[in-house]
Structures are given as structure tokens and as C-alpha cells.
1. Just the accessible area for residue 187, please: 1.4 Å probe, Å², rounded to the nearest 10?
2. Counting other Cβ atoms within 10 Å, which chymotrypsin sites (Phe, Trp or Tyr not before Pro) in the range 110-216 have at most 11 and lie in a DSSP loop?
3. What net charge is computed for the residues neighbouring residue 252, neighbours being all others with C-beta under 10 Å from the C-beta of residue 252, Lys and Arg scored +1, Asp and Glu -1?
4. Straight-line reach from residue 261: which lysines have a Cα under 26 Å away, not including same-chain ones fewer than 8 places off?
5. Counting other C-beta atoms within 10 Å, and keeping those with at most 14, which DSSP coil GluC sites (Glu not before Pro) do you find in the range 234-309?
6. Restricting to DSSP H runs of at least four residues, report the calculated mean residue ellipticity at 222 nm for the chain, -39500 (n - 2.57) per run over all residues, nearest 500 deg cm²/dmol.
7. Compute the long axis of helix 3-29 from its Cα atoms, compare it with the longest principal axis of the Cα atoms of the chain, and write down the angle in degrees, 0 to 90, nearest 10.
8. Among residues other than residue 29 whose Cβ falls under 11 Å from its Cβ, what is the net charge (Lys/Arg +1, Asp/Glu -1)?
Amino acid sequence: MTTASLDELTKAELLVAQKLIEIRDARIDFATNHHRNTRGEQMDFSGFPHIRGLYNSLAKDIVLQGSVQCFKSEWAVIDHFACSFVGLSVFFVVPKYEARTTYVQNRVNRCVENVPEYKKIVGNGFFDSVALKSFGKGVVKYVGSNVLADFKEFPGDVLVVEEVDECHQENLDYALDRLRASRYQFRRYLGNPKYRGRGINAYFLNSDQREWEVPCFQCGKFSELDWFESVVEPILGKDGNVLTYKLRDEEWHEGIRRDIKIVCPKCKDGELERASQKGTWVPRNEGHKVEGYHISMLCNPINTVAGMW
């Protein structure tokens, strides 16, 4: 490779890095200063510290594997607004064409109506269409994964796929073709896993596999919030198969005026601090360029452990 080609490669990498910084800065600004969800509520980073890492990310490719109501979709809305705001073309895939209008009207249009800054950015731009919208310097095309004809004639820079497991899997490969001409080719995959090794779980396994770890009130050691390691333990039959589960918090019972403890798997006695400000995302597959986040429902302190049990 010649010096000239190396210089061009370095220049291209710098342009990509600069664009990622622009997206990150816009994403954080929207989330902390302007955004309102469909209920008109502000983002709460103090009560939900695990979501900070998602907004601070500078990765080209991001995978969010998590339970329902764990702020994945809220992040997707803010992130794709940020990408469009800084001048990128976003190809946004939802599971079905039939649900596209509902998604756009509920998640996108209502959000813009609730946020003065978003309305200011839209201004007199083209925003009335369900399929194609201008936001800032860029544009967003919304498609249903089950209509292959919509996967054509749109030069994109960013691919966003909502609810991967609900999508037409074969058509998702065609979505990547929309990015071929872009120097950026950023990708985001989100979903609630249904199958091991397929769908969103396959994307997560092909990432750095980050888990949220929090400290124990008693021993101070960090552990991930894992249902089977910290909340329940299996009861095995004579054949070694799981018959049922019992709570690790043996003192809890219905009617007691506290939630079920998330028992520390390190000291076996202390309780993990669910919403700890000291929590941190720890990659299990270090060195991988794709950032993958596994967001357990236990990360969300609004959901009681007793309710899950």
C-alpha cells in the first residue's frame, strides 16, 4: 500500500471518527436537555444509570439485546434523530409494513410534537410523510421488513433495525445493501431475544457482549444482574432435570413489606445494588468492534423483583 493510499485511509477513518463524535454529542444533548417520551417525561439518568453507556457510545455498530420496557426504543428514537441531525441518511426498519404507520405516529411524530427543540429542528422541512422525513441536515426512511420492494433506491449511511426477532430475517441482509456506497455504514440492531443463537441474540453474540455489573452492599464486589445466579436457584430431579425454582432470598414471602433481594453470587449473603451509580458495563468478548449491551429487566428499578417472580 502506498503512502498516498495510507493517507487516504487515515483521512477516511478521521472523518468517520468525527461523525461518531457529532452523533454522540447530539444524542447526549437531545437526551439530557430536550427529549420527552410519549408520556411527556424527561430522561432519568440518575435513576437508571445503566443507560448512560448507551448514550456515550462512539461505536459504529451497536447491538441492544434486552427485555421489554428497558429503554431500547427510546434510545433508538434519540439516536436516529441525532444521526439525521448531523447530516446522515437513516434507513429505519420496523418488523411489518402494516405497523410502520403506528410506529411513526406514536414514537416519532408524537415525540416531535412534545419537544420544542425537535419542532424547531424540523422547521419547515418535509416531515408529514410516514415513509420519508427530513430532520436537521439528514433524512430518515421508515420501512417494514416484510416488504422487500421498500429495500431499494435509498442511499443510506445508518441502518436501524427495531425488534429484530419480529422482522423478516432474509430481508435484513438486503438492508445492508442500502449502506454500500456510504463511507460510514453505521448499524444498530435492537430486540427482545426469543431464540438462542438466532435473531438479536446472534447479533449480540457477534459483539463484545457487555453485561451491567453492580456492587454488593455487603462485600463490595461487582456482579452482573443475572436472574438465575442472584434471584432463583433450580430444584433438580433425580434425573438431573430442573423441576422448579426457589428464591435465593429465603426470608421473603408475600405480604412482607420489602422487595425480593438480589443475592450477591460472590459472598452469597449480601444484596446487589440494582441502581448503583457505581455500576459499569463489562465486556465478556473483549476486542470486538461491535458494542453489544445485554439489558436485563433487573436493571430497571421500576420493575420489582417480586413482580417478576
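1. Number for this one is 70 Å².
2. Details: sites: 118, 126, 127, 135, 142, 151, 174, 184, 186, 189, 195, 203, 204, 212; in loops: 126, 127, 151, 184, 195.
Those satisfying the criteria are 126, 195.
3. Values: positive: 248, 258, 261; negative: 249, 250, 251, 254, 259.
Net charge around residue 252: -2.
4. Output for residue 261: 72, 221, 246, 278.
5. Answer by residue number: 250, 251, 254, 286.
6. Working: 10 runs with 87 residues, N = 309.
Computed mean residue ellipticity for the chain: -8000 deg cm²/dmol.
7. For helix 3-29, the angle is close to 60 degrees.
8. Details: positive: 24, 27; negative: 22, 25, 117.
Local charge sum for residue 29: -1.
The values are calculated or read from the model by the stated rules, or taken from the named source; none is laboratory data. All values derive from a computational prediction rather than experimental measurement. Every residue, glycine as well, gets a Cβ built from its backbone with ideal geometry; the counts of neighbours run over all protein chains shown. Remember, those area values only see protein heavy atoms, side chains included, never the ligands or the DNA or RNA. Shrake-Rupley method; radii C 1.70, N 1.55, O 1.52, S 1.80 Å.
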